[in-house]
Amino acid sequence: MAAEEHVQHAAEHAEHAEQAMTPASYIGHHLTFWQHPVKPDGGFWTLNVDTLVTSTLLGVLVFGFMAWVARGATSGVPGRRQAFIEMCIEFVNDQVRGIFNKSFEFVAPLALTVFMWVLFMNAMDFLPIDVVAGAMHALGAPAFRPVPTSDVNATFALALSVWFLMIGFAIKAKGLGGFIHELYAAPFGAPKLTMNPLSWIGAPLLALANFLFQMIEYISKPLSHSLRLFGNMYAGEIIFLLLWLWAATGLMGTIFGAILGVGWAIFHILIVALQAFIFMMLTIVYISMAHEHH
Amino acid sequence: MDINLTLIAQSIVFLVFILFTAKFVWPPLMKAVSDRQNRIADGLAAAEKGSKSLADASAKSEETLRAARAQAQDILAGANKQATQLVDQAKVQAKTEGDRIVAAAHDEVKREVARAREDLRKQVGELAVLGAAKILKREVNAQAHADVLADLAARV
């Protein structure tokens, strides 16, 4: 099992570098990205190579496989591969149909992309981190984190892309005027200027309240969308690291660390799938909300 | 946990994958699925139609059978009627024929009786003439007394 291998490796790891390795340095080591500064001074102009490479590779594999199956898809009796991919597609399609009552030509493939990609990026957590990081280190990488979704850049990238799509769909559905109108006319209703002088104060206040609420909504959507996924995956990774840290303390630690590691890995399967599902559902919900008129 | 260029790079990768999925993965698979759905629906409709036409055909054959049975019944009844008619006719014919034969026989008998009577009369007349001739002891001129003899014969 991967987890046991992992424990062994962690133990070896600890033995080899008993003097240099402290718990903080072990965890810190595994939470360091392989960063490549695009500009010499770094800062914002840095790329997390591990996140990008892992996620792109996974995407190419997953979507390449799906496209390969789709190319040979038959409307007759499907093979096992095609049946599996169709099952995934039908699952996503059902969710989209359940939420989205408009034409979903673009939303359904978007949801499928989000679901499959996030699922596989999350699933990288099952790989024994010391083996992966050690192998990459041997290949010359300064550091390596194999789970792209525990990088806040990746989750923000997904959430912000969805956010921009959401705004784009909102403008497409309501027109630019309708979109701007909604910014100050929802959720409390459109402010009306009348001859009554009180409304001259009331209307701007109402518009302001509406605008503030809309802003909170627009800011909280990508934040909660991305940070929920990030937090879950990051926490999962930390718990694995703590267990492997325990495994390095001695024989009992190794045994209990392995047992708990297996337990956590099994529970983590649920989290991995659930978080991918939640991310997809929120994507569909946000874009479906963008089509609603107030 | 710092935000850096990865965000933008990852977004671009994401958009590429979305477009890829929307172009190369989703449409062919959905087409296959909906084609299959159509085929299944067509098959079900055809099966429905087949069972309906089967029911129609069996109803039709039932109808034909009933009609044939009724016709057979009619034919049978007609034949029976005709047969009795024929028998009746034959009976009537036989009766008239019999009557005719009986009538003819009666006529024949009557004629025979008449002839016999005529013969008898003639013989009686001759006997009477013979008797008279014997009595008179002489030859009676038959020719001379023919009218007397005829009168006698008519009276016998």
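Quick rundown of the values:
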| item | result |
| --- | --- |
| Test set (1) touching a residue at least 60 places away in the same chain (Cβ under 8 Å); (2) open to solvent by 40 Å² or more (accessible area, probe 1.4 Å) - residue A:246 fails condition number | (1) |
| Failed item, numbered, when residue A:127 is tested on (1) within 14 Å of chain B (Cβ to nearest Cβ); (2) under 24 Å from residue A:88 (Cα atoms); (3) open to solvent by 30 Å² or more (accessible area, probe 1.4 Å); (4) not basic (Lys, Arg) | (1) |
| Contacts under 7 angstrom Cβ, first residue in the stretch B:106-123 being modelled with pLDDT under 90, partner surrounded by 10 or more Cβ atoms within 10 Å (Cβ to Cβ) and not β-branched (Val, Ile, Thr), 6 or more apart | B:121/B:153; B:122/B:153 |
| Residue in the stretch A:202-217 that is among the acidic types (Asp, Glu), touching a residue at least 40 places away in the same chain (Cβ under 8 Å), part of a helix (DSSP H, G or I) and away from chain B (no Cβ under 14 Å) present | no |
| Search result, residues across the stretch A:37-93 that are part of a loop (DSSP other than H, G, I, E, B) and open to solvent by less than 20 Å² (accessible area, probe 1.4 Å) | A:42, A:76 |
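Matching residues to (1) more than 27 Å from residue A:237 (Cβ to Cβ); (2) at pLDDT 90 or above; (3) among the acidic types (Asp, Glu):
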position	(1), (2), (3)
A:99	yes, no, no
A:105	yes, no, yes
A:112	no, yes, no
A:115	no, yes, no
A:118	no, yes, no
A:122	no, yes, no
A:129	no, no, no
A:132	no, no, no
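This table checks each residue for (1) closer than 30 Å to residue A:29 by Cβ; (2) facing chain A (nearest Cβ under 7 Å).
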residue	(1), (2)
B:13	yes, yes
B:18	no, yes
B:21	no, yes
B:25	no, yes
B:31	no, no
B:37	no, no
B:40	no, no
B:44	no, no
B:54	no, no
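The values are calculated or read from the model by the stated rules, or taken from the named source; none is laboratory data. What you see is a predicted model, and the numbers here were worked out from it, not measured in a lab. As a convention, Cβ positions derive from the backbone with ideal geometry for all residues, glycine included, and neighbour counts pool all protein chains shown. Note: accessible area is taken over every heavy atom of the protein model, side chains too, but ligands, DNA and RNA are not part of it. Shrake-Rupley method; radii C 1.70, N 1.55, O 1.52, S 1.80 Å.
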